[in-house]
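**Student:** This is the structure, below, for whatever I ask next.
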Amino acid sequence: MKENFPIPQNESERLFHLSSLDVDYTSLNDSLKDLNRLAAKVAGTEISLVNLIDAYTQWTVGSHGLDLQQMSREESVCQYTIMGDQGFEVPDLSTDERFNKNFYVDDPLALRYYFGLPLQDNGVNIGALCVMDTSLKTLSPEKVELLKIIGDEIVNRIKFYHRLENMQHRLNDANQNSKKVAHDIRGPLAGIIGLSEMISQQGNSANVAEVMEFIKMIHSGSKSLLDLADEILSQSDLEKPIGENELNLIALKNKLLQLYQPQATHKKILLSVVINEQQKNVIFSKHKVLQVIGNLVSNAIKFTPEKGKVSVVLDLISTTDQTLLDISVTDTGIGIAPYRIEQILSGSAESTIGTGDEKGYGFGLPLVKHLCESLGGKLTIESTAGAGTTFHAQLIQQPI
């Protein structure tokens, strides 16, 4: 009998909100490093992680004490943390039947203690801040309150970078309204500094003296954000090398392999990414691109058996009035029946189990369809039962 993994009642809303933040799961670790160290120091644990959970995967976007990038959602402890509004504690992972068979409980990690807090934005839990240790621990109420403040600051950082990316996107489109941009940027910075002061006050009342040495790190992080904001405001020439909020086909290929090769390798699946070499250096916006392709690749890996193949083909197609990012994801998986394709495209598909018993959450492909349509594109699906599936998406892009 397969385990029933937890799914929040607002899962569809949760995933849509996470996708709206358009997080690049490879880009946040440096900006969250000070907060991860602070969380571990407050809790007195060896490890602190910031995890975001999408339809298929738990992505570690910030870490201290453990080099971890991702794991399947069904293996994670944080999937239970996002079910509620309070902290979720596991005193001993090795004695809890939900987790004691997972890799992080065995050597060499041999993790035992877990405490997680949901990271909430606009009423939905996008992920969790968790602290872990190889020894058994207990956290005082004062330390839990400090961790909550740190968790709020983490959400502020993520939202701040999202706003910066949106501002850069607007600047690339129009290069206008710089005074409004400056105002929008400095507001969140004031919030960051205010939260730093709150942490300082909480640290004193809780007698956590070690916390104070990390406050300077938060102020330093705020200064680096301000420098980034000033850099954006000073850009007048949009003819520039590829930036953090941009991609070309080469960069997109490398990022997809970095993100999804571990999933494919774990399941013994050959993942390939092919690009149109003639268009490889054309720069375009990163806006929502990774969210669309990532869900398609994760879904393909999930429904492809061991020793199968998942192939991604990327191209830029230029017409007289627009440029299309053309995406094809083809797998050698179990295929999709016609009625299931209709359900997926209508948003009424139910969860199914993958070829490796992976849990299906039922929201990934409807999310892709929504994202494609919100960007003025479309999603089509071609499949033969038992012979694989091809997902074809086109997104309107403006070369930069």
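The values are calculated or read from the model by the stated rules, or taken from the named source; none is laboratory data. Note that this is a predicted model, so its numbers are computed, not measured. Here the Cβ positions follow ideal geometry from the backbone for every residue, glycine too, while neighbour counts run over all protein chains shown.
**Student:** What number of residues in region 283-297 are closer than 15 Å to GLU244 by Cα and of a type outside the set (D, E, K, R)?
**Tutor:** Total meeting the criteria: 6.
**Student:** Here's a follow-up. Would you check if VAL42 is over 14 Å from the mean Cα position of the chain (by Cα), buried (at least 22 other Cβ atoms within 10 Å of the Cβ) and either modelled with pLDDT of 95 or more or outside the structural domain of SER140 (by TED's automatic domain parsing) (or both)?
**Tutor:** Yes.
**Student:** For region 319-346, what are the residues that are out of contact with any strand residue (DSSP E or B) (no Cβ under 7 Å at 6 or more places or on another chain) and of a type in the set (Ser, Thr, Tyr)?
**Tutor:** Once the filter is applied, which keeps residues that are out of contact with any strand residue (DSSP E or B) (no Cβ under 7 Å at 6 or more places or on another chain) and of a type in the set (Ser, Thr, Tyr), region 319-346 yields THR319, THR320, TYR339, SER346.
**Student:** Right, here's the next one. Test of understanding: among LEU136, LEU129, LEU119, which residue is at pLDDT 95 or above, of a type in the set (A, V, I, L, M) and more than 30 Å from LEU296 (Cβ to Cβ)?
**Tutor:** LEU136
**Student:** On to the next question. Which residues, taken from region 58-98, are assigned to a loop (DSSP other than H, G, I, E, B) and either of a type in the set (D, E, K, R) or outside the structural domain of ALA128 (by TED's automatic domain parsing) (or both)?
**Tutor:** ASP67, ASP85, ASP92, ASP96, GLU97, ARG98
**Student:** Quick one: which of LEU375, LEU324 is modelled with pLDDT of 90 or more and surrounded by 14 or more Cβ atoms within 10 Å (Cβ to Cβ)?
**Tutor:** Only one candidate passes the filter, namely LEU324.
**Student:** To continue, here is another question. Exposed (fewer than 15 other Cβ atoms within 10 Å of the Cβ) and more than 24 Å from the chain's Cα centre (by Cα): does that describe THR332?
**Tutor:** When the stated conditions are applied, THR332 does not pass them.
**Student:** Which pairs do you get when a residue that is in the same structural domain as ILE344 (by TED's automatic domain parsing) and in a strand (DSSP E or B), found in region 375-390, comes within reach of a residue that is aromatic (Phe, Trp, Tyr) and at pLDDT below 90, reach meaning Cβ atoms under 6 angstrom, with the pair 6+ apart or on two chains?
**Tutor:** Final answer for the pair search is none.
**Student:** Something else now. Between a first residue in region 158-173 that is closer than 20 Å to GLN120 by Cα and a second residue that is modelled with pLDDT of 85 or more and in a helix (DSSP H, G or I), which pairs have beta carbons less than 8 Å apart while being 6 or more apart in sequence or on different chains?
**Tutor:** Sorted first by the residue in region 158-173, then by its partner, the pairs are ILE158/LEU21; LYS159/LEU21; TYR161/SER31; HIS162/LEU21.
**Student:** Tell me, which residue of region 68-101 that is among the basic types (Lys, Arg) and either out of contact with any Ser or Thr (no Cβ under 8 Å at 6 or more places or on another chain) or without any contact (Cβ under 8 Å) to a residue 40 or more places away in the chain (or both) is surrounded by the fewest Cβ atoms within 10 Å (Cβ to Cβ)? Lay out the reasoning, then the answer.
**Tutor:** Taking region 68-101 and keeping what is among the basic types (Lys, Arg), we get 73, 98, 101.
Keeping just the survivors that are either out of contact with any Ser or Thr (no Cβ under 8 Å at 6 or more places or on another chain) or without any contact (Cβ under 8 Å) to a residue 40 or more places away in the chain (or both) gives 98, 101.
On the way: ARG98: 14, LYS101: 9.
Restricting to residues being among the basic types (Lys, Arg) and either out of contact with any Ser or Thr (no Cβ under 8 Å at 6 or more places or on another chain) or without any contact (Cβ under 8 Å) to a residue 40 or more places away in the chain (or both), the top hit is LYS101.
**Student:** Tell me whether region 290-306 contains one or more residues that are under 20 Å from CYS372 (Cα atoms), within 22 Å of the chain's Cα centre (by Cα), charged (D, E, K, R) and buried (at least 21 other Cβ atoms within 10 Å of the Cβ).
**Tutor:** Looking through region 290-306, none of the residues is under 20 Å from CYS372 (Cα atoms), within 22 Å of the chain's Cα centre (by Cα), charged (D, E, K, R) and buried (at least 21 other Cβ atoms within 10 Å of the Cβ).
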